[in-house]
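The values are calculated or read from the model by the stated rules, or taken from the named source; none is laboratory data. For clarity, every value in this text was computed on a predicted model and none was experimentally measured. Counting neighbours? That spans all protein chains shown, and the Cβs are built from the backbone with ideal geometry, glycine included.
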Amino acid sequence: MLMIEHPVLGKKVEEEITFYFNGQSLKARQGQTVAAALIANGIKKFGVSRKLFKARGLYCANGRCCSCFVTINGLEHSISCNRIVEEGMIVASTDGDPVIRSEIDGN
Ligand code: FES
């Protein structure tokens, strides 16, 4: 749910932008966090837990719990509640452990 007109603060309309979640084109308001944009589009499941594969999503909304990890523009395990959504941003659910650099390098 997006509040356009606040009873005390008045009307505030930000420019609409487009981003992508798991290949789906979605709309967001400039200045929203990625997590807020996903919730505003009805998406509550951001990924699954690494051990039990249970649904994860927004929990603390202030960068402390790590429940809202997603992959943003190829960067795995980005905290979506702290990151401002950008035009054309590519977001994907994170469904497992990140690729560790040593696995890529073979070290
Ligand atoms: S919801 Fe807790 S870190 Fe994002």
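Scan the stretch 49-89 residue by residue and report those that are within 15 Å of the ligand (Cβ to nearest atom), closer than 17 Å to residue 28 by Cα and in contact (Cβ under 8 Å) with a residue 24 or more places away in the chain.
If the condition is that a residue be within 15 Å of the ligand (Cβ to nearest atom), closer than 17 Å to residue 28 by Cα and in contact (Cβ under 8 Å) with a residue 24 or more places away in the chain, then 70, 72, 80, 81, 82, 83, 84, 85 are the ones that fit.
So residue 45 clears everything in (1) surrounded by fewer than 13 Cβ atoms within 10 Å (Cβ to Cβ); (2) away from the ligand (no atom under 16 Å from the Cβ); (3) among the charged types (D, E, K, R); (4) in contact (Cβ under 8 Å) with a residue 40 or more places away in the chain except one condition, right? Which one?
All conditions pass for residue 45, except number (2).
Residue-wise test of (1) of a type in the set (Phe, Trp, Tyr); (2) modelled with pLDDT of 95 or more.
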site	(1), (2)
9	no, no
47	no, no
50	no, no
53	yes, no
57	no, no
61	no, no
78	no, no
87	no, yes
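Does any residue of the stretch 25-39 turn out to be modelled with pLDDT of 90 or more, exposed (fewer than 12 other Cβ atoms within 10 Å of the Cβ), part of a loop (DSSP other than H, G, I, E, B) and within 16 Å of the ligand (Cβ to nearest atom)?
Checking the stretch 25-39: not a single residue is modelled with pLDDT of 90 or more, exposed (fewer than 12 other Cβ atoms within 10 Å of the Cβ), part of a loop (DSSP other than H, G, I, E, B) and within 16 Å of the ligand (Cβ to nearest atom).
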